[in-house]
Every structure is written in C-alpha cells, then in structure tokens.
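Trainee: Let me give you the structure first, and then I'll get to my questions.
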There are 2 protein chains.
Amino acid sequence: MAEAIPRYHHGNLRAELLASAERKLETTGVQGLSLRELAREIGVSHGAPRQHFPDKQALLDALAVLGFDRLGRELDAALGEAEGAFADRLTVFARTYVRFATAHPALLALMFARKDRPDAPELLEANGRAFAAPVALIAGAQAAGEIDSDDPDRVAMALLATIQGLASIITGGMIGDRPVDAVVSGTIETLLRGLRPAR
Amino acid sequence: MAEAIPRYHHGNLRAELLASAERKLETTGVQGLSLRELAREIGVSHGAPRQHFPDKQALLDALAVLGFDRLGRELDAALGEAEGAFADRLTVFARTYVRFATAHPALLALMFARKDRPDAPELLEANGRAFAAPVALIAGAQAAGEIDSDDPDRVAMALLATIQGLASIITGGMIGDRPVDAVVSGTIETLLRGLRPAR
DNA sequence: CTAGAATCTAGTCAGTGTCTAGAAATGTAG
DNA sequence: CTACATTTCTAGACACTGACTAGATTCTAG
C-alpha cells in the first residue's frame with residue numbers, strides 16, 4: 001500500500017492495471033472499460049499501459065486468463081473437500097460454478113467471448129486447467145458406474161450444457177426471485193432422475 | 001433497389017439502418033459496430049441516425065427486439081408443424097433454437113445482454129412472445145403427464161437451462177467437430193432418460 | 001561507473017458518440 | 001396554389017477513445 005509518492009517507475013503497473021480493470025469491468029461492463037481512464041486512476045500517463053499490453057484486447061485476454069485461474073482454484077478447492085455420492089459432488093460443482101458466474105458475470109462473459117477471438121491458445125489452456133477437476137469427477141463417476149456411460153461423451157455434454165445453461169439463465173436474471181441454490185440443486189436432481197415420469 | 005439518386009430525404013432510413021446494422025453485427029461483433037460507419041455506407045450524414053435512434057443503445061435494443069420477433073416466428077413455425085411424441089417436438093424446439101443461435105450468435109448475445117440493460121420492458125415483452133410456443137409445449141406435456149410434474153417449475157427450468165446451455169456451448173465452439181444435430185438430440189435424449197444408469 | 005534495456009511521458013492522429021443550429025423536404029391547412 | 005409547421009437530414013463542434021511515435025527517465029548488468 002505505500003501509494004504515497006508517485007515515482008516515475010510505477011514498479012507494479014501490470015498487476016495494478018489488471019486489478020483496476022477487473023474492478024471496473026464488473027461495475028461498468030466491457031464497454032465502459034477505458035485504458036486511458038485506468039491510467040488516470042492509477043496516476044500514470046495514458047501511454048503507459050502500452051508497455052505491458054500491446055492493445056486493449058491483450059488486457060482483456062489477460063483478464064480472462066486470470067479469471068480461468070481463479071475459477072479453477074475455486075473449483076479445485078470445492079471439489080477437493082467434497083465427499084459423498086456423485087450427486088452431492090456434482091451439486092457442489094454446479095453451485096461453485098454458478099456462484100462464480102453470479103459473482104463475476106462480466107468476467108465470465110469475457111472468458112467465453114470466443115466470437116472475436118477465434119484462436120487464443122493461452123485461453124484454451126487456461127480453460128482446460130480450470131475445468132480439470134469437474135472433468136475428472138465426471139470421468140470417475142462414469143468409470144465407477146455411478147452414471148450412465150453408454151456414450152460418455154453424450155452424458156458429459158448434457159451435464160456441462162445444463163450447468164452452463166443454469167449459469168446463463170441465472171446471470172441473465174431469468175429465474176425471477178427463486179433462491180439460487182434451490183434452483184441449482186433442483187435442476188441437478190431433475191437431470192439425474194430424468195424428465196420422464198417415474199413408473 | 002432503386003438506390004440510384006441519393007435524395008435528401010432517404011425515406012427508409014430506419015429500416016435500412018437496422019438491416020445494415022444486423023449485417024455488420026454478425027461480421028464484426030458489437031464492438032465493431034459504428035453508427036458513423038453505418039451512415040457512411042448508407043450514404044447519409046453522420047447525424048442522420050439520431051433522428052431514428054436517440055443513441056447507439058436504442059439501435060441495439062431495436063435490433064434485439066427484431067431478433068426476438070424473428071426467433072419467435074421460427075419457433076412458432078417449427079413447433080406448429082411438429083407432430084408426434086413430446087420427445088420429438090422437444091427435439092424440434094431444441095434444434096430450431098440452436099440453429100438460430102449458430103446462425104446469429106452476436107444477435108443472440110445482444111438479446112440476452114441484460115448486464116447493462118436492467119430494465120427494458122419492450123425486450124421482456126419480445127422475449128415472452130418469442131418463447132410462447134415452447135412454454136406452451138412444456139406446459140401441455142406436463143398436463144398430459146408426458147413428463148414429470150412433481151414440480152413443474154423445476155422441470156421447466158432444467159429443460160430451458162439445458163437448451164440454453166447447448167446453444168452457449170455450441171456457439172462457443174466447445175463441441176469440437178461433433179455434428180450439431182447429433183449433439184442436440186443426444187442431449188435431449190439423455191435429459192429425458194436421466195443420468196442415472198438404467199436398472 | 002557506465003552502457004543498454006525497460007519503463008514511462010507527452011504529443012499526435014484518426015475515429016467515435018453525442019449535441020447543436022440550421023437547411024431542405026414533406027405534409028397540411030387555408 | 002400557397003403559407004406554414006413538422007419531419008428529416010446536414011454540417012460543425014466537443015470530449016473522448018485506442019493506437020502510434022519520439023524522447024525523457026529510471027533501472028540494471030557488466
């Protein structure tokens with residue numbers, strides 16, 4: 001915290017830019033994120049950020065990678081502690097993911113903004129690392145026969161789609177005033193049991 | 001047609017702005033959409049769009065409403081023709097939605113960009129109209145006992161989440177080279193049957 | 001201590017969204 | 001047909017942005 005005297009060499013510009021950018025991102029969205037404004041707030045000239053990020057997109061990409069890292073750590077932590085049946089651990093995964101999505105909606109959007117970033121190997125890597133634990137969870141459950149594995153790929157896809165869709169729907173504000181955790185566990189339960197009525 | 005002589009009064013500026021904007025949107029994304037550039041292409045001064053849209057967000061909102069209208073028409077048409085069991089009609093819904101999502105990813109993102117538009121009644125209305133047919137489909141199936149209705153809300157939520165998630169995953173390019181229609185119908189089948197192994 | 005590299009400043013440029021005043025076309029009474 | 005009011009468009013301006021450049025300052029090896 002020694003922000004007292006603004007030295008010529010800031011010393012920690014890159015990290016502070018990222019921190020400031022992430023703060024701004026969640027309050028104003030990507031549209032309202034301005035490199036010049038960040039520089040102004042930090043107390044540095046408008047050209048300084050260029051030394052660390054060649055352009056604005058590079059800053060956004062770095063933010064996305066940090067987001068994947070953080071998400072990965074949260075998933076690892078949550079799933080590391082989770083014990084019990086597959087259903088319970090799956091619910092933990094869903095809740096952790098949804099919690100991250102609601103806590104950092106703009107950041108999550110940035111992470112999956114593949115529209116304009118067709119190729120970004122670092123992002124793909126970060127993505128893979130982040131979801132390592134849940135992927136292992138699913139694979140393990142299939143190997144142990146806890147879930148259907150006629151077509152493992154299909155089952156995994158349905159699972160990920162549902163959780164991703166949950167996050168979309170919740171961050172989109174489409175669940176009204178329903179309690180988030182109840183919606184999440186209810187959806188997981190429904191998914192496990194199937195939509196068809198029990199005979 | 002008849003673009004020959006650029007008259008002072010364009011006569012159809014609003015509609016042409018929307019058409020041009022939608023075209024540009026899918027090629028360059030929201031970021032690359034510039035009011036001035038649109039005006040330039042249409043051959044009108046940079047201030048002209050302001051007569052029809054007070055600001056850029058108004059143009060984007062209008063685009064989103066048009067998107068909901070179009071999606072609604074496609075869903076109505078597809079579900080109107082669909083016959084057979086609930087599972088089949090559900091698959092038709094999912095395919096139609098996913099097809100729309102892949103055909104107009106940027107437009108869809110705009111439609112659900114609630115992040116910065118907390119309240120926009122016209123968008124909510126358009127949203128409701130667009131999904132009238134699938135909502136009726138689900139309600140009907142629950143009434144007819146074709147799907148579980150212990151908690152209708154929960155079931156509907158799981159269904160919509162899965163389909164929305166499918167669209168996200170597919171437009172995000174996360175299905176690799178798997179055939180889209182197979183992924184869609186496989187996911188729906190898995191959802192109907194449930195993840196737990198058949199005893 | 002001193003060169004060279006890394007970092008930051010300051011100035012510039014084209015481009016953008018928004019705002020204004022006013023010109024031009026259209027519609028509407030009389 | 002004419003006069004007027006309204007709609008639609010033009011033209012100029014402003015503050016802002018991301019990007020580029022040259023040069024000043026600081027840090028760091030050797």
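Trainee: So what is the relative contact order of chain B, in percent, for Cα pairs below 8 Å that sit 6 or more residues apart?
Mentor: Computed over chain B, the figure is 22 percent.
Trainee: Could you quote the convex hull projected area for the protein assembly as shown, Cα atoms only and averaged over all directions, in nm²?
Mentor: That works out to 24.0 nm², a quarter of the Cα hull's surface.
Trainee: Here's something else I'd like to know. On each of the three principal axes of the Cα atoms of the range A:18-146, give max minus min coordinate, whole Å, ordered largest first.
Mentor: 59, 27, 21
Trainee: Then there is this: How large is ³J(HN,Hα) for each residue in the range A:88-97, as worked out from phi by the Karplus curve 6.51 cos²θ - 1.76 cosθ + 1.60 (θ = phi - 60°), to whole Hz, x for Gly and Pro?
Mentor: Running phi through 6.51 cos²θ - 1.76 cosθ + 1.60 with θ = phi - 60° gives 5, 5, 5, 4, 4, 4, 4, 5, 5, 5 Hz.
Trainee: Just to be sure I understand: if you take the accessible area of chain B alone plus chain A alone and subtract the pair, with a 1.4 Å probe, what total do you get in Å², rounded to 100?
Mentor: Summed over both sides, the interface buries about 4100 Å².
Trainee: Within 10 Å of each Cβ in peptide A:165-178, how many partner chain Cβ atoms are there on average? Round it to a whole number, please.
Mentor: 5
Trainee: Sticking with this one: Helix A:152-171: angle to the longest alpha-carbon principal axis of chain A, degrees 0 to 90, nearest 10?
Mentor: Relative to chain A, helix A:152-171 is tipped by roughly 50 degrees.
Trainee: Leaving ligands, DNA and RNA out of it, report the carbon-plus-sulfur percent of the accessible area of chain A at a 1.4 Å probe.
Mentor: 54 percent
Trainee: Same structure, new question: If you roll a 1.4 Å probe over the heavy atoms of the protein chains, what accessible area per residue do you get for the protein assembly as shown, in Å²?
Mentor: Counting only protein heavy atoms, the per-residue value for the protein assembly as shown is 51 Å².
Trainee: Next up: As an exercise, identify the chymotrypsin sites (Phe, Trp or Tyr not before Pro) in the range A:1-110 lying in DSSP coil whose Cβ has no more than 10 other Cβ atoms within 10 Å.
Mentor: A:Tyr8
Trainee: Which loop-located GluC sites (Glu not before Pro) does the range A:20-119 contain, where loop means any DSSP state but H, G, I, E or B and the Cβ has at most 16 other Cβ atoms within 10 Å?
Mentor: Here the GluC sites (Glu not before Pro) that fit, given the DSSP loop and packing criteria, are A:Glu83.
Trainee: Sticking with this one: Could you compute the net charge surrounding B:Asp88? Neighbours are other residues with a C-beta less than 12 Å from the C-beta of B:Asp88; K and R count +1, D and E count -1.
Mentor: With Lys, Arg at +1 and Asp, Glu at -1, the neighbours total -2.
Trainee: Could you state the angle between the C-alpha long axis of helix A:121-130 and the longest principal axis of the C-alpha atoms of chain A, as a value from 0 to 90 degrees rounded to the nearest 10?
Mentor: So the helix axis and the longest Cα principal axis differ by about 50 degrees.
Trainee: For n ≥ 4 DSSP H runs only, could you compute -39500 (n - 2.57) per run for chain B, divide by its residues and tell me the 222 nm figure to the nearest 500?
Mentor: Using -39500 (n - 2.57) per qualifying helix, the result is -21500 deg cm²/dmol.
Trainee: With everything on Cα atoms, drop me the angle between helix A:13-28 and the longest principal axis of chain A, reported from 0 to 90° to the nearest 10.
Mentor: 60 degrees
The values are calculated or read from the model by the stated rules, or taken from the named source; none is laboratory data. Note that this is a predicted model, so its numbers are computed, not measured. FYI the Cβ positions are ideal-geometry reconstructions off the backbone, even for glycines, and counts take in every protein chain you see. Just the protein is used for accessible areas: all its heavy atoms, side chains included, with ligands, DNA and RNA removed. Shrake-Rupley method; radii C 1.70, N 1.55, O 1.52, S 1.80 Å.
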